[in-house]
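> Could you have a look at this structure, given as structure tokens, before my questions?
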Amino acid sequence: MYDITSIYQARSVDDAISALKSDPEALVIAGGTDVLIKIREGKDAGCRLVSIHELREELEGVALAPNGDVEIGPLTTFRGCTFSDVIRATVPVLGEAADMAGGPQLRAAGTLGGNLCNGITSADTASTQMAFGAILRVRGPEGEREISINDWYRGVGKVALAHDELLVKIVIPKSHYEGWSGHYIKYAMRSAMDIATLGVSCLVKLSADKTVVEDLRLAFGVAGPVPFRCLETEKAMTGLPIGEAVKQIGASALKEIHPRDSWRASKAFRIQLARELSGRALAEAARKGGAQI
Ligand SMILES: Cc1cc2nc3c(=O)[nH]c(=O)nc-3n(C[C@H](O)[C@H](O)[C@H](O)COP(=O)(O)OP(=O)(O)OC[C@H]3O[C@@H](n4cnc5c(N)ncnc54)[C@H](O)[C@@H]3O)c2cc1C
């Protein structure tokens with residue numbers, strides 16, 4: 001049973017924002033796959049909801065802007081992301097990451113916006129969006145502002161979003177994806193319907209002859225309280241022959257991660273995973289970019 005006091009079905013983004021402004025306790029619901037679980041567990045029992053679920057015209061879909069930026073509506077589902085022609089042509093690794101969340105039903109309901117706004121470290125699309133340096137467009141009563149995903153996370157379950165603000169667009173600028181190839185690995189105890197024990201997303205830009213790492217991005221989920229990038233490792237791998245970088249990246253990443261013990265897995269196991277999977281993710285990203293490895 002769901003203990004919900006009321007649901008307000010917003011008619012537009014601005015209408016949702018006014019509803020949130022006038023009710024400081026109300027919660028936003030999009031696909032509901034996180035919100036409803038919390039209500040059922042009793043954490044948000046008796047809540048009042050503002051639903052943005054029907055605002056598909058304003059908030060759903062993936063488009064290529066005239067300047068080549070990829071623009072993702074936050075109501076785009078995991079499935080919608082994976083099957084988008086724009087995603088496949090520009091940032092296919094994001095579609096692959098979205099395809100690893102839950103099972104088919106979950107992927108048809110859960111949204112990319114919810115995956116970022118829940119502030120959870122295990123969110124399967126978050127590390128890849130972080131690696132791409134996504135720009136998040138947020139709207140509130142005073143208008144719109146943009147924030148880099150690198151400044152988004154403020155602690156476990158906390159993001160840089162005021163109560164009366166909505167995430168209205170996720171932008172991956174052309175300059176952040178052009179020339180890059182990427183690979184995401186989710187390690188979970190089961191191959192479906194399981195939250196990541198560890199997730200790693202690696203993007204690489206190769207030299208013209210495909211032998212040297214010209215630039216690199218490495219982002220983790222579940223290797224700390226929120227998703228994050230390994231900036232020192234990114235620098236250290238730049239300029240290395242690709243084979244050498246694959247050998248070194250895991251050891252380097254270990255200096256930057258801070259996983260913990262949980263009922264899902266021990267800290268020691270997560271450290272082992274991070275070391276091993278960083279190299280595998282880089283090797284696969286490089287292969288996708290045309291390296292012989
Ligand atoms: C069985 C099951 C399996 C799951 N497996 C996975 C998995 O493998 N990988 C994974 O990453 N996740 C998984 N999840 C978690 C969940 O599906 C995802 O986090 C999903 O992306 C949430 O999206 P939603 O639209 O359902 O969010 P909701 O539940 O509607 O909202 C989540 C949070 O985001 C806020 N919010 C949503 N949209 C906006 C917006 N546009 N602006 C402001 N705030 C907003 C809500 O207020 C809420 O705080 C699973 C969940 C379930 C129930």
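Derivation of every value follows stated rules applied to the coordinates shown; laboratory data play no part. Quantities reported herein were computed from a predicted structural model and do not represent experimental measurements. Cβ sites come from the backbone with ideal geometry, for glycine too, and all protein chains shown count toward neighbours.
> Express in % the proportion of alpha carbon pairs of the chain at distances exceeding 34 Å.
In whole percent, the long-distance tail amounts to 20.
> Quote to one decimal, in nm, the extra length available between residue 150 and residue 276 on full extension: 0.36 nm per residue of separation minus the C-alpha distance between them.
Net length gain for the segment: 42.9 nm.
> In square nanometres and to one decimal, what's the mean projected area of the convex hull around the Cα atoms of region 180-288?
6.3
> Compute the long axis of helix 242-254 from its Cα atoms, compare it with the longest principal axis of the Cα atoms of the chain, and write down the angle in degrees, 0 to 90, nearest 10.
Helix 242-254 sits roughly 50 degrees off the main axis of the chain.
> Using 0.36 nm per residue, how much length does the chain from residue 255 to residue 211 gain when fully extended, once their Cα-Cα distance is taken away?
Gain on stretching residue 255 to residue 211: 13.3 nm.
> OK, next. Quick one: check the C-alpha center-to-center distance for region 136-179 versus region 241-293, whole angstrom.
Each part reduced to its Cα centre gives a spacing of 27 Å.
> Please provide three numbers in whole Å: the alpha-carbon extents of region 82-123 along the principal axes, with the largest listed first.
Answer, in whole Å and largest first: 27, 20, 14 Å.
> Taking only Cα atoms, what is the 0 to 90° angle, nearest 10, from helix 13-22's long axis to the longest principal axis of the chain?
The helix 13-22 is inclined about 60 degrees to the chain.
> Sticking with this structure for a sec: 5 Å is the cut-off here: which amide hydrogens, built 1.01 Å from N in the peptide plane, fall below it relative to residue 168, excluding neighbours closer than 5 in sequence?
137, 138, 139
> Bin width 10 Å, origin at 0, all Cα-Cα pairs of region 33-82: what percent of pairs per bin?
21, 36, 28, 11, 3
> Let me ask another. Compute the relative contact order of region 4-51 as a whole-number percentage, counting only Cα pairs closer than 8 Å that sit 6 or more residues apart in sequence.
Relative CO of region 4-51 lands at 59 percent.
> A follow-up question, please. Looking only at Cα atoms, what is the convex hull volume of region 94-168 per residue, in Å³?
Spelled out: Cα convex hull of region 94-168, divided by residues, is 90 Å³.
> Any idea how far apart residue 40 and residue 3 come out in nm if each label point goes 7 Å out from Cα toward Cβ?
So the label points at residue 40 and residue 3 sit 1.6 nm apart.
> What is the diffusion coefficient of region 4-51 in µm²/s, taking the Kirkwood radius over Cα pairs and the Stokes-Einstein relation at 25 °C with a viscosity of 0.890 mPa s?
Answer, rounded: 227 µm²/s.
> Here's a follow-up. Pairing the Cα long axis of helix 267-288 with the longest principal axis of the chain, what angle in degrees results, from 0 to 90 and rounded to the nearest 10?
Here the helix axis deviates by roughly 70 degrees.
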